[in-house]
1. Quick one: residue 34 ticks every box in (1) closer than 16 Å to residue 69 by Cβ; (2) at pLDDT 95 or above bar one, so which box is it?
2. When the range 33-75 is examined, which residues are found to be under 15 Å from residue 23 (Cβ atoms), over 10 Å from the mean Cα position of the chain (by Cα) and not small (Gly, Ala, Ser)?
3. Taking into account only those residues within the range 58-68 that are among the hydrophobic types (A, V, I, L, M, F, W, C) and surrounded by 13 or more Cβ atoms within 10 Å (Cβ to Cβ), which is modelled with the highest pLDDT?
4. So which pairs qualify, if the first residue must be in the range 36-54 and of a type in the set (S, T, N, Q), the second must be assigned to a strand (DSSP E or B), the Cβ gap must be under 7 Å, and the two must be at least 6 apart or on different chains?
5. Give me the residue from the range 40-57 that is aliphatic (A, V, I, L, M) and surrounded by 15 or more Cβ atoms within 10 Å (Cβ to Cβ) and, out of that set, nearest to residue 24 (Cα to Cα).
6. Looking at (1) in a helix (DSSP H, G or I); (2) at pLDDT 65 or above; (3) surrounded by 15 or more Cβ atoms within 10 Å (Cβ to Cβ), which is the only condition residue 10 fails?
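The values are calculated or read from the model by the stated rules, or taken from the named source; none is laboratory data. Computed from a predicted structure; not experimentally measured. Cβ sites come from the backbone with ideal geometry, for glycine too, and all protein chains shown count toward neighbours.
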Amino acid sequence: MTAIAENDEQTTSGMITPALATQHNLTPGQVAAMFNVNPKTVARWASSGVLKSIRTPGGHRRFREADVVALLNRS
């Protein structure tokens, strides 16, 4: 299985795995600063499926940098 396929499987669970921990993950505040919006807006995007998020073991949202850049390029 390729690394891309493995990462896709790991993101479907919604939890950060060791493989995902090596990628660049952003907090809602960091994403909000990139889009010049409130962090609550970023949380709504995650809830509505506009932006995929993963959860830390503590339940906090994190966003893959690649997903955020893709959304930035779309808007």
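1. The number of the failed condition is (2).
2. 56, 69
3. The qualifying residue modelled with the highest pLDDT is 63.
4. Listed pairs, sorted by first residue: 53/61; 53/62; 53/63.
5. Out of the qualifying residues, it is 54.
6. Checking residue 10 against (1) in a helix (DSSP H, G or I); (2) at pLDDT 65 or above; (3) surrounded by 15 or more Cβ atoms within 10 Å (Cβ to Cβ), the one that fails is (2).
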